[in-house]
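Q: Pasting in a structure now, in structure tokens, and then I'll have a few things to ask.
Read the figures in this text as sums done on the coordinates, not as results from a lab. Treat the numbers as computed from the prediction; the structure is a model and nothing was measured. Here Cβ is always computed from backbone atoms with ideal geometry, including for glycine, and neighbour counts include all displayed protein chains.
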Amino acid sequence: MNLRDIRIQLMMYSIGILGSLIVSTSIFAETSKSTDSMQLNPIQVAPHTYFVQGLPEMGSSANQNFISNAGFVVTPGGVVVVDALGSPILAKKLIGEIKKITPQKVVAVIVSHYHADHIYGLQEFKKIGAKIYAQGEGRNYLSSETAKLRLIASRVDFAPWVDVNTKLISADVWIDQKSTLTVGRVDFLISRVGPAHAPEDLMVYVPSEKVLFAGDLVFRGRIPFVGHADSKGWLAALDAIEQANPSVVIPGHGGFSIKPTEDITFTRDYLKYLRESMSRAAINLDPFEEAYQQADWSEYEGMPLFRAANRMNAYNVYLSIQAE
Ligand SMILES: [Zn+2]
């Protein structure tokens, strides 16, 4: 990261925090008295595999930051969960839903990556004795200024569901490249696919269910959130997912996929288009604004989160191509 990037990042953080303070004062009065109406409804996608689907929105107090998915597999030796949702209250609700399906305890949580919307529920799983697994690069996130500032902002943005008692939780087991977790004779093949969406991206494949948990590498029915992703590494990770040849893919956001190839293709085409449309301008040091205006977004304009994410995605790819 060069000086300019750091400055841009700092600027984005301060705008973010300031923005959240302004927004929060207006919505806090509303949410503090509003009742808790968020419900999680597990969807079964394979004999022993379920997931809950986050809303295609930006996180807010009203949605308790329920914008990402979490999945779980019931085995004779306990339940393995993938991702912990975006607030402790959501994690509690997920644990409640799991109890309705099986008397088995949650024994493990695998974190696809350390982004706020996937990890703020971790402490609830820790409380019930689950072991947490994540890729080793997650340690850098946990000790970063980004993580601290994000949490401070989230306590405002998602009040009262994320508060001073919400903590960042470290993994119990840090995975380097590959690891197989076996619970109740069911194998969970965990492999590193980052740096892509995040430096610590993991995917989890369960061969006996033919289900693959793809984290935020495959997006369905909405504009992907690219953030500070490594778009080149991401394209390689999509190939790795395709090679596993799963019957079902559970993405980090959006509906599950029984046509993984189609959804992988959508994400791949979007990333490729971002790279194509931004690269000439980035290399020639042409202004971002011009390149963005000139690009044809008609294929993506109608999709959820286009307004919220597309411009930032394009800008991040523009910056990352310059860094390459
Ligand atoms: Zn996410």
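Q: Take the residues in the stretch 223-239 that are part of a loop (DSSP other than H, G, I, E, B) and surrounded by 19 or more Cβ atoms within 10 Å (Cβ to Cβ), then tell me which one is nearest to the ligand (Cβ to nearest atom).
A: Phe225
Q: Is there any pair linking a residue in the stretch 56-78 that is at positive phi and touching a residue at least 12 places away in the same chain (Cβ under 8 Å) to one that is within 16 Å of the ligand (Cβ to nearest atom) and hydrophobic (A, V, I, L, M, F, W, C), with Cβ under 8 Å and at least six apart or on different chains, and which?
A: Between residues of the stretch 56-78 that are at positive phi and touching a residue at least 12 places away in the same chain (Cβ under 8 Å) and residues that are within 16 Å of the ligand (Cβ to nearest atom) and hydrophobic (A, V, I, L, M, F, W, C), the close pairs are Gln64/Leu90; Gln64/Phe158; Asn65/Leu85; Asn65/Leu90; Asn65/Ala116; Asn65/Phe158; Asn65/Val162.
Q: Consider the stretch 112-133. How many of its residues are within 16 Å of the ligand (Cβ to nearest atom), more than 16 Å from Val52 (Cβ to Cβ) and assigned to a helix (DSSP H, G or I)?
A: Total meeting the criteria: 1.
Q: Within the stretch 289-319, track down each residue that is of a type in the set (Gly, Ala, Ser), surrounded by 17 or more Cβ atoms within 10 Å (Cβ to Cβ) and closer than 16 Å to Gly221 by Cα.
A: Ala309
Q: Within the stretch 134-148, does at least one residue satisfy the condition of being out of contact with any Ser or Thr (no Cβ under 9 Å at 6 or more places or on another chain), without any contact (Cβ under 8 Å) to a residue 40 or more places away in the chain, small (Gly, Ala, Ser) and within 16 Å of the ligand (Cβ to nearest atom)?
A: yes
Q: Please enumerate the residues belonging to the stretch 71-98 that are of a type in the set (S, T, N, Q) and either touching a Lys or Arg at 6+ places or on another chain (Cβ under 8 Å) or more than 16 Å from the ligand (Cβ to nearest atom) (or both).
A: Thr75 - this is the single residue of the stretch 71-98 that is of a type in the set (S, T, N, Q) and either touching a Lys or Arg at 6+ places or on another chain (Cβ under 8 Å) or more than 16 Å from the ligand (Cβ to nearest atom) (or both).
Q: Can you tell me how many residues in the stretch 78-111 are buried (at least 22 other Cβ atoms within 10 Å of the Cβ), touching a helix residue (DSSP H, G or I) at 6+ places or on another chain (Cβ under 7 Å) and assigned to a helix (DSSP H, G or I)?
A: Selection size over the stretch 78-111: 2.
Q: Just to check your reading of the model, which residue among Ser68, Ser61 is among the hydroxyl-bearing types (Ser, Thr, Tyr), crowded, with 19+ Cβ neighbours inside 10 Å and either more than 12 Å from the ligand (Cβ to nearest atom) or not in a loop (DSSP other than H, G, I, E, B) (or both)?
A: Result: Ser61 is the single residue among Ser68, Ser61 that is among the hydroxyl-bearing types (Ser, Thr, Tyr), crowded, with 19+ Cβ neighbours inside 10 Å and either more than 12 Å from the ligand (Cβ to nearest atom) or not in a loop (DSSP other than H, G, I, E, B) (or both).
Q: If Leu151 meets every condition in (1) hydrophobic (A, V, I, L, M, F, W, C); (2) farther than 21 Å from Leu212 by Cβ; (3) within 16 Å of the ligand (Cβ to nearest atom); (4) buried (at least 22 other Cβ atoms within 10 Å of the Cβ) apart from one, which number is that one?
A: (4)
Q: Still on this structure: Mind listing whichever residues of the stretch 251-302 are of a type in the set (D, E, K, R), more than 16 Å from the ligand (Cβ to nearest atom) and touching a residue at least 40 places away in the same chain (Cβ under 8 Å)?
A: We begin by selecting, within the stretch 251-302, every residue of a type in the set (D, E, K, R); these are 259, 262-263, 268-269, 272, 275-276, 280, 286, 289-290, 296, 299, 301.
After this cut, where a residue has to be more than 16 Å from the ligand (Cβ to nearest atom) as well, the list is 259, 262, 268-269, 272, 275-276, 280, 286, 289-290, 296, 299, 301.
Within the stretch 251-302, Arg275 is the sole residue that qualifies.
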